[in-house]
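This report concerns only the one structure given below.
What follows is calculated from the coordinates using simple rules that are stated; it is not laboratory data. Everything numeric in this text was worked out from a predicted model, so none of it was measured. Cβ sites come from the backbone with ideal geometry, for glycine too, and all protein chains shown count toward neighbours.
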């Protein structure tokens, strides 16, 4: 089973790669382009700043600036014509002691915001798939 | 004594400093899976590598379930509870009642003769992150052990079963491909269980352990619903009646983290001289 299935897996990875790239810019469109992404991010952070589970992490944060940064970041990652100019995820969250509970709460806030923008569930998952690996740099170990 | 108190106060301080409750449900909806037939976290027939509670890495969570499986000739009722500790360790306890109905009379056991079984399970997450490691093919991997104790020892002996209790050992891998809204699970199980253990362990054909396979593919249809299929191979150790592989097609409805309903169509193959046992499976769980 082992050698064959690893070979098959590798083949799948290679053959998936181009389609993933191609779907990136359509993800940008599906999220409503830059305006749609900005609304999603603003609504997410409205929730983050008021939700008892997350608000204490945002006490010293300027909301407007953060909305701009994350909008650019998601715009760029989803295949849009933007450049993210912020810190790396690791540097940006160092010593904040962000817990898994807080991180999951933020994901739920993002899902709520995408629901509000009527983003279909499978599209939401495509964005979450791109953002998910950031958890290891954001959440304290 | 002093050092125990010291450790305790340190512990309570660290919990208090975090001001997050010890009992909680902060994992994402649907990510802990549901419950499988032996009471561990998984889907209907397949054990998953996820820890089956909504408790995240600093929380303890728990679920209770009731599951009914009804085929043409048999009814299996199960009740149980699962506890997840820090998204690392899962403990499960389940009791199954296998009602032979009219088939019991045909088998010479008497109508409505009921086998029962208790199952205690322990699962430990070894490595990997099924949900968040979306940049790698590495799955989440867990190892587990289930202690099964069947009732009706004399009947089990009479049909050729070797033992009325035993351990199953499994290694499980689960991978969520969020980009495609799919969840894959493959599990290898070392077992001697006849019909999951309800008909004892080992038989007159072979008393040895065999390696069996469980597999599941699930599609995350919406925030509150999941569709999937399960396959499970089983040993065939008793010469009085053939045992076959099982499969199921299921739909899960998750209105919240605290209440979940799973409905399935199951095909369990031949069971104790009654062919092609097919029917429905309904499982309800509540938890935090």
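Observations, loosely collected:
- Note that region A:35-99 carries a Kirkwood radius of 12.6 Å, evaluated over its alpha carbons pair by pair.
- Over the protein assembly as shown: Kirkwood hydrodynamic radius from C-alpha pairwise inverse distances, Å: 23.5 Å
- Between region B:217-288 and region B:148-181, the alpha-carbon center distance in angstrom: 15 Å
- Taking every Cα-Cα distance in region B:32-160 and sorting them into 10 Å bins from zero, the calculated P(r) comes out as 13, 37, 26, 16, 7, 1 percent.
- Residues of region A:31-59 falling in the label zone of residue A:116, defined by backbone nitrogen less than 13 Å from a point 7 Å along Cα to beta-carbon, are A:37-51.
- Pair residue B:167, residue B:258: separation of 7 Å Cα→Cβ label points (nm): 3.8 nm
- Per-selection metrics, chain B (Cα): Rg and Dmax in Å: 19.8, 66
- Dividing the summed helix terms, -39500 (n - 2.57) for each DSSP H run of n ≥ 4, by the number of residues in the protein assembly as shown produces a 222 nm estimate of -9500 deg cm²/dmol to the nearest 500.
- Within region B:227-288, the ratio Rg/Rh, alpha carbon atoms throughout and Rh by Kirkwood, equals 1.12.
- Other protein chain C-beta atoms within 10 Å of residue C-beta, averaged over A:126-137: 5.
- Globularity index of region A:60-141, i.e. its alpha-carbon radius of gyration over 2.2 N^0.38 Å: 1.11
- When both bridge partners sit in the protein assembly as shown, DSSP labels roughly 100% of those beta bridges antiparallel.
- Distance distribution note for region B:164-288: the fraction of Cα pairs above 20 angstrom is 53%.
- Pair-distance profile P(r), taking every C-alpha pair of region B:198-264, with 10 angstrom steps and integer %: 18, 34, 23, 18, 6
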